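The structure under discussion is supplied below as structure tokens; questions concerning it will follow.
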Amino acid sequence: MLRLIPYVLAGTFFGVIMYKSEAASWYRIQEMFRFGSFHMYGIIMVAVAMGALGYLLINKFKLKDLKGQPIVIPDKAPGWKRYLLGGLIFGLGWALTGACPGPVFVNLGAGFLAMLPVALGGLLGTFLYGLIKDKMPH
Amino acid sequence: MIEFLTQPWPWWFSGAMIGLTLWLMWFAGKTFGFSGNFRTMCTMCGAGKAANFFAFDWKTQKWNLAFLVGATVGGYLAAHFLSPEGGQIPAIDAGVQGQLQALGFATPAAYQPLEWYGEDWFLGGTLWLLLFGGLLIGFGSRYSGGCTSGHAITGLSSFQLPSLIAVIGFFAGGLFMTHVIYPWLLG
């Protein structure tokens, strides 16, 4: 259990960022999809730029993780159907609830119990996918 | 410093802190992706008996569940100790506020719109709307193999074409919901 504490702390850090940046607010998600402000685009662009810098440095210097293992960032399977169709369905839910999976739990912590049905829906949707996955185009 | 932290955080600072989280997870030897937790929780509830997709050792994902618990704690701390009394109220663009008012949403008075996320969320149609929205999120993220953290942050940062396609899907779906379904549903 003690091994998990660093992950709880990293999650706490992430939760605070999500709340304070307002990326976990329906209002900011609506503003983004209505092109009303640079705010959300700026957050995503800076995060991706910094991530890409880390990725390039990790590959260039063959950096190792804290356990001494080489850092491997797995490639997603090739294809496009599952990414486009799954992405479309996810985007519909993201804009409807104003929350992606992380912020669902950030908002629960902030006291918005209305995120309970969103979390339950997330579980049901995942379960449904697991049941019919082989019938879907990938 | 305290004043900076209790204000809404600017986009450049927030983005850099998300980037830092991604680095931390890489150096911990993990791939950052939040929605996998839904699959893990299905498995913990016994879904492995219903579908092979859930037949895996959920204990390998304990670190991600710990991250989820942390994110919930972070939401609590940010709302109660790093924000004004009653929580942070997003100061969104005035034009967008006008558009939202036309759909029946009052001027922001809380972190989330109280029309949906207020105390009577379990009454009327709101409960079903939120449940349905969650269903789309859960189904879509597993179908596309990731959510905003796994595709938009991790995937784009590591130059993966599938993640770019997924993110284009996220935006196309979000724009359709916002500009076509919202007016139809609420207009």
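Can you pull out every residue in region B:61-86 that is assigned to a loop (DSSP other than H, G, I, E, B) and surrounded by 19 or more Cβ atoms within 10 Å (Cβ to Cβ)?
Correct list: B:S83 only.
Before we move on, is A:A10 in contact with a Ser or Thr (Cβ under 8 Å, 6 or more places away or on another chain), surrounded by fewer than 19 Cβ atoms within 10 Å (Cβ to Cβ) and part of a helix (DSSP H, G or I)?
Considered against the rule, which asks whether it is in contact with a Ser or Thr (Cβ under 8 Å, 6 or more places away or on another chain), surrounded by fewer than 19 Cβ atoms within 10 Å (Cβ to Cβ) and part of a helix (DSSP H, G or I), A:A10 comes out as no.
Where in region A:21-112 are the helices (runs of 4 or more DSSP H), entirely inside, with at least 2 residues that are open to solvent by 40 Å² or more (accessible area, probe 1.4 Å)?
The qualifying helices (runs of 4 or more DSSP H) are A:39-60, A:81-97.
How many of the residues making up region A:78-119 are farther than 23 Å from B:F105 by Cα and without any contact (Cβ under 8 Å) to a residue 12 or more places away in the chain?
Going through region A:78-119 one residue at a time, the tally reaches 9.
B:F54: hydrophobic (A, V, I, L, M, F, W, C), surrounded by 17 or more Cβ atoms within 10 Å (Cβ to Cβ) and more than 8 Å from chain A (Cβ to nearest Cβ), yes or no?
no
Residues that are open to solvent by less than 40 Å² (accessible area, probe 1.4 Å), touching a residue at least 40 places away in the same chain (Cβ under 8 Å) and either β-branched (V, I, T) or part of a loop (DSSP other than H, G, I, E, B) (or both): does region B:101-118 have at least one?
Taking every residue of region B:101-118 in turn, at least one turns out to be open to solvent by less than 40 Å² (accessible area, probe 1.4 Å), touching a residue at least 40 places away in the same chain (Cβ under 8 Å) and either β-branched (V, I, T) or part of a loop (DSSP other than H, G, I, E, B) (or both).
Related question: Among the numbered criteria (1) open to solvent by 20 Å² or more (accessible area, probe 1.4 Å); (2) touching a residue at least 12 places away in the same chain (Cβ under 8 Å); (3) farther than 21 Å from A:D134 by Cβ, which one does B:L161 miss?
(2) is the only condition that B:L161 fails.
The values are calculated or read from the model by the stated rules, or taken from the named source; none is laboratory data. Every value quoted in this text rests on a predicted model; they were computed, and no experiment measured them. Backbone-built Cβ (ideal geometry, glycine too); neighbour counts: all protein chains shown. Ligands, DNA and RNA are stripped out before the accessible areas are found, and what is left, the full protein with its side chains, is counted by its heavy atoms. Shrake-Rupley method; radii C 1.70, N 1.55, O 1.52, S 1.80 Å.
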